[in-house]
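Quick notes on the structure that follows.
The values are calculated or read from the model by the stated rules, or taken from the named source; none is laboratory data. Note that the structure is predicted; figures quoted are calculated from it, not measured. We place every Cβ from the backbone using ideal geometry, glycine too, and count neighbours over all the protein chains shown.
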Amino acid sequence: MPFGARSRVWMSTALVTAAYGILIWAANRFVTAPHFPQWGLSVTLAFTGVQFVLAAIILSGALVSRTLTLLLMRRGMKVAPEIQSCLAAHANGENRRKRLALFLRRYPEVVETSLFAFLSSLRGMERERLQKLAADLGLVASWTKRFRSGRVSKRRRALELLAVTGSPEAMGVFRRALDDRDEWLRVMASRALVAGGNVREVHRSFEFALRQTPAVRSLVAEDLKPHMQILAARALPQVLRSGDKSLVLAALDIIWGWGRAVPVAEVSGLIDSGDAIVRAVALRAAPYASTDGINGKIVSRISDEAPLVRRAAAVAAGKRRIEEAIPQLLARLQDSDERVAVAAARALATMGEPGLALLEKEVVMGAPDAASVALEALEKARIGRTDWE
Amino acid sequence: MTLLQWFPFVGLAYNRIEWFFIVYVGTINAINFVLMVLGYFALQRHSSALGVSEMRGMFKSSLLPSVSILAPAYNESATIRLSVRAMLNLNYPNHEVIVINDGSKDDTLRILIEEFRLYKSSRRITGRLPTQPVRGVYESRDPIRLVVVDKVNGGKADSLNAGLNVARGDLAAAVDSDSLLEADSLLEVVRPFLTDPEMVAVGGLIRVVNGCTVEDGRVTRVGLSKSWLVRFQTIEYLRAFLGGRVAFSFFNSLLLISGAFGLFRRWALIEAGGFETGTVGEDMELVVRLHELRRSRKAPCRIAFVPHPVCWTEVPELWRTLYRQRNRWQRGTVESLWLHRSMFLNPRYGALGLFAFPYFVAFEALGPAVELAGYLLTITCLVSGRIDPAVAALFFVVSVAFGVLLSISSVLIEELTLSRYPNPTDVLRLLAAAVLENFGYRQLMTLWRAIGLFDALRGKTGWGAMERRGFKVSET
């Protein structure tokens with residue numbers, strides 16, 4: 001939890017405890033003390049009374065609020081079909097603006113939800129008509145205003161609604177939301193920017209993803225997948241050449257997360273980085289970096305000094321089915337690090353007949369450790385399992 | 001001659017001793033109340049993070065770390081099929097399930113072999129943690145990532161270590177095989193590891209499955225059991241998880257991640273030497289040890305509790321099973337605290353050494369004995385007329401009424417934040433249980449825990465059996 005959020009929790013706790021203190025003091029002073037002269041008993045009874053009353057109020061409030069929500073939902077469900085048919089008619093070219101404005105005054109939630117559903121599913125002229133309707137009814141302005149709310153749930157809803165309107169005013173809100181303190185809002189904003197398809201906004205989202213937590217990055221990376229060729233042309237190479245370790249690792253993570261071939265020559269250079277972590281992460285992304293000469297580099301790293309690099313290289317060799325790597329992979333079956341040995345065996349098993357034949361030989365004639373690793377790999381290959389490590 | 005006359009020091013100072021008990025019980029309740037308020041606000045903050053539906057977007061991502069779920073099983077034939085299926089069907093892109101059959105005497109292994117088409121595999125045991133001999137490792141012929149380790153009986157901690165030895169995930173989740181994880185629970189419990197590189201372990205919320213409807217290993221309808229014993233335990237779970245754990249997690253002083261559902265960085269577990277087999281409270285002992293080891297080396301150590309990933313567990317419906325469980329929990333607490341006593345009031349461990357550890361010693365380990373002594377002294381003195389009835393009343397108000405308030409508050413927090421009981425009648429029943437558990441049930445638990453404390457002091461070991469009734473499965 002960030003420092004600001006932590007201090008807000010402390011502050012709220014202190015305020016509630018202080019408010020309780022004051023209430024208990026008042027209950028003791030004016031209610032219990034006159035009847036119970038013993039101080040301890042009087043204070044305890046005051047505390048008990050205050051807590052009971054507050055608990056009763058909060059509970060009744062919660063139950064009333066739940067019942068009200070239920071009632072409003074039921075009422076909304078009654079008018080929803082009518083609102084939806086108005087929206088459908090408007091989308092088809094009829095003018096139902098006045099009627100919908102009337103509905104909006106009485107059932108704002110239902111109109112918003114229905115409009116959201118229509119805008120999410122429609123395309124072409126119909127969608128444009130409803131987008132214009134949202135602006136004409138003042139909904140875009142109202143949602144933009146709502147985005148300034150201090151409550152996260154309100155901001156989230158506003159952004160969600162703005163995202164389907166595709167209005168130019170909303171783009172400014174999305175850009176601002178990239179710096180919001182709420183994680184999901186940032187994801188939503190990036191998603192809305194990418195959905196617009198504007199190259200500049202795609203780059204903006206990519207740069208945003210590089211600086212986020214892995215949780216957010218994994219979500220944004222998925223959104224950026226359809227635009228990976230655009231990013232591979234300029235933005236990705238720039239970042240990979242930047243020398244900033246955290247950005248380089250994040251970019252390599254994104255390539256790996258996409259899991260598709262992408263032409264980025266810079267990955268090959270990073271396999272020779274002086275930093276073992278960068279080498280390992282580059283090797284993890286290497287199977288997807290379609291560039292010349294990368295196979296040789298992968299093979300050379302199977303004998304790297306760092307176990308995590310050796311392991312990543314063995315995995316990459318297996319994924320790219322580099323037959324030249326077979327001798328090195330075979331040697332790694334006796335690696336001092338068992339995870340490297342397992343990765344090498346798996347890589348050999350994916351090579352087809354040449355790899356399998358060597359594994360069989362290793363089972364019969366190899367050293368006990370290598371034989372056991374080879375046996376497991378063979379067994380998995382025989383039953384057609386590839387989802388193991 | 002009354003009992004008090006045999007103890008002159010009590011006879012002379014009984015009023016002062018009585019005041020000690022009042023202040024003691026009052027202090028526990030006041031601290032618990034502040035923790036609960038803190039927990040409420042921390043819970044609210046937590047809800048602003050990525051939620052369930054948002055996390056589902058990550059399901060496709062290969063950027064998530066791999067997870068090995070370790071589920072020890074001992075005579076679990078009643079529930080094993082359903083719970084393993086539920087674990088395999090979790091929404092997570094990269095997880096393996098490792099069931100450790102800890103020398104079951106029933107047909108747990110046979111059920112697993114038949115149900116999941118297992119074959120004796122050559123999977124390599126890469127870990128080096130000492131365990132009881134492994135008789136065989138089984139894997140499935142079907143495209144499911146299930147590994148079953150069959151070993152000689154050695155207890156839960158030993159089984160978890162055996163599971164760790166064959167695990168290959170970046171993270172290792174320790175779960176009870178009789179528990180049901182919610183479909184998105186792994187996605188959510190992994191999140192803190194993605195946002196905080198210093199995160200070492202994360203615990204999830206445990207809820208009571210008795211009374212709920214289970215279909216295909218998933219809880220499809222949340223309900224409250226008709227048994228009052230179960231309802232009382234439901235209240236206890238709410239009070240412990242939504243109050244204490246959220247608050248302790250808030251200042252990184254969590255001393256316990258429930259053995260029913262906890263996620264750890266695998267290397268951190270191995271570095272710490274795995275689970276301790278010599279204690280019955282291996283879950284608490286491990287968390288305290290992780291704190292001690294890492295903090296003494298000045299290595300970053302964050303251990304958190306997240307309230308959304310839910311693990312449903314079956315609680316005892318029989319008094320004798322509940323007695324054994326509580327006795328074991330109390331012994332586990334005392335053993336863990338004793339093993340790591342160097343942390344007590346040690347400023348080197350920050351808030352953990354100065355507040356959480358002393359809190360656990362004073363109120364969790366010794367609390368039952370002190371509270372029990374308070375009840376006995378108050379009743380004896382009241383009967384013999386040696387105490388001011390107002391002071392006796394004060395003791396009961398402080399211990400019972402405050403207990404009621406804490407329990408009610410926990411139900412309120414549940415209703416205001418998570419709201420998992422859809423039926424308002426269930427909420428009202430929970431409120432009734434929150435009141436009633438303080439008249440008899442809580443005192444009985446205090447007595448049992450005091451016995452547990454005594455058993456721990458005289459070095460009693462062993463788990464005791466837990467009778468399973470199996471989940472209530474929907475007929476649809």
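Take the conditions (1) away from chain A (no Cβ under 12 Å); (2) out of contact with any Phe, Trp or Tyr (no Cβ under 8 Å at 6 or more places or on another chain); B:ASN94 misses just one of them, which is (1). With respect to (1) buried (at least 20 other Cβ atoms within 10 Å of the Cβ); (2) within 14 Å of chain B (Cβ to nearest Cβ), the lone exception for A:SER246 is condition (1). Of the residues that make up the stretch B:78-96, is at least one assigned by TED's automatic domain parsing to the domain that holds B:VAL306, among the acidic types (Asp, Glu), farther than 28 Å from B:ALA272 by Cβ and surrounded by fewer than 24 Cβ atoms within 10 Å (Cβ to Cβ)? No, the stretch B:78-96 has no match at all. Would it be correct to say that A:ALA377 is in contact with a helix residue (DSSP H, G or I) (Cβ under 6 Å, 6 or more places away or on another chain), part of a helix (DSSP H, G or I) and either more than 20 Å from B:GLU139 (Cα to Cα) or among the charged types (D, E, K, R) (or both)? Here the answer is no, as A:ALA377 does not meet what is asked. Among the residues of the stretch B:345-373, the ones that are in contact with a Gly (Cβ under 8 Å, 6 or more places away or on another chain) and either surrounded by fewer than 16 Cβ atoms within 10 Å (Cβ to Cβ) or in a helix (DSSP H, G or I) (or both) come to 3 in all. For the criterion of being away from every other protein chain (no Cβ under 11 Å), out of contact with any Ser or Thr (no Cβ under 8 Å at 6 or more places or on another chain), closer than 16 Å to A:ALA55 by Cβ and not acidic (Asp, Glu), B:ALA373 fails. A:ALA367 meets all of the listed conditions (1) under 33 Å from the mean Cα position of the chain (by Cα); (2) within 14 Å of chain B (Cβ to nearest Cβ); (3) small (Gly, Ala, Ser) but one, namely (1).
Only one entry in B:VAL280, B:VAL209 is surrounded by 19 or more Cβ atoms within 10 Å (Cβ to Cβ), modelled with pLDDT under 85, farther than 20 Å from B:PRO192 by Cα and assigned by TED's automatic domain parsing to the domain that holds B:ARG81, namely B:VAL280.
Look at A:VAL43 and say whether it is touching a Leu at 6+ places or on another chain (Cβ under 7 Å), within 13 Å of chain B (Cβ to nearest Cβ) and outside any loop (DSSP other than H, G, I, E, B). Even if it seems obvious, please write down each step before you answer.
On the way: touching a Leu at 6+ places or on another chain (Cβ under 7 Å): no; within 13 Å of chain B (Cβ to nearest Cβ): yes; outside any loop (DSSP other than H, G, I, E, B): yes.
No, not satisfied.
Any residue in the stretch B:201-224 that is more than 20 Å from the chain's Cα centre (by Cα) and either of a type in the set (Phe, Trp, Tyr) or within 14 Å of chain A (Cβ to nearest Cβ) (or both)? So far as the stretch B:201-224 goes, no, none of its residues is more than 20 Å from the chain's Cα centre (by Cα) and either of a type in the set (Phe, Trp, Tyr) or within 14 Å of chain A (Cβ to nearest Cβ) (or both).
Could we say that B:ALA167 is surrounded by 24 or more Cβ atoms within 10 Å (Cβ to Cβ), within 14 Å of chain A (Cβ to nearest Cβ), touching a Lys or Arg at 6+ places or on another chain (Cβ under 7 Å) and not hydroxyl-bearing (Ser, Thr, Tyr) here? For B:ALA167, the condition - surrounded by 24 or more Cβ atoms within 10 Å (Cβ to Cβ), within 14 Å of chain A (Cβ to nearest Cβ), touching a Lys or Arg at 6+ places or on another chain (Cβ under 7 Å) and not hydroxyl-bearing (Ser, Thr, Tyr) - is met.
The listed residues are A:SER273, A:SER336, and the only one of them that is of a type outside the set (D, E, K, R), surrounded by fewer than 22 Cβ atoms within 10 Å (Cβ to Cβ) and either in contact (Cβ under 8 Å) with a residue 24 or more places away in the chain or out of contact with any helix residue (DSSP H, G or I) (no Cβ under 7 Å at 6 or more places or on another chain) (or both) turns out to be A:SER336.
Before we move on, is B:LEU337 in contact with a Lys or Arg (Cβ under 8 Å, 6 or more places away or on another chain), buried (at least 20 other Cβ atoms within 10 Å of the Cβ) and more than 26 Å from B:TRP228 (Cα to Cα)? If you could, list the steps in order and put the result at the bottom.
Working: in contact with a Lys or Arg (Cβ under 8 Å, 6 or more places away or on another chain): no; buried (at least 20 other Cβ atoms within 10 Å of the Cβ): yes; more than 26 Å from B:TRP228 (Cα to Cα): yes.
Judged against the criteria, B:LEU337 is not a match.
Determine whether A:ARG385 is charged (D, E, K, R), in a helix (DSSP H, G or I) and either facing chain B (nearest Cβ under 10 Å) or in contact (Cβ under 8 Å) with a residue 12 or more places away in the chain (or both). No. Is the stretch A:5-22 home to any residue that is touching a residue at least 60 places away in the same chain (Cβ under 8 Å) and assigned to a helix (DSSP H, G or I)? Yes: one or more hits. Test A:ARG234 against the criterion of being surrounded by fewer than 23 Cβ atoms within 10 Å (Cβ to Cβ), more than 14 Å from chain B (Cβ to nearest Cβ) and over 22 Å from A:ARG284 (Cβ atoms), and give yes or no. So A:ARG234 passes the test.
Which pairs turn up if I take residues in the stretch A:51-77 that are away from chain B (no Cβ under 11 Å) and farther than 15 Å from B:ILE413 by Cβ and look for partners that are in a helix (DSSP H, G or I) and among the aliphatic types (A, V, I, L, M) with beta carbon separation below 8 Å, at least 6 apart in sequence or on another chain? That search, which allows pairs on different chains as well, returns A:GLY76/A:VAL110.
How many residues are more than 28 Å from A:ALA89 (Cα to Cα), surrounded by fewer than 23 Cβ atoms within 10 Å (Cβ to Cβ) and of a type in the set (Gly, Ala, Ser) if we restrict to the stretch A:133-189? Looking only at that region, the number is 4.
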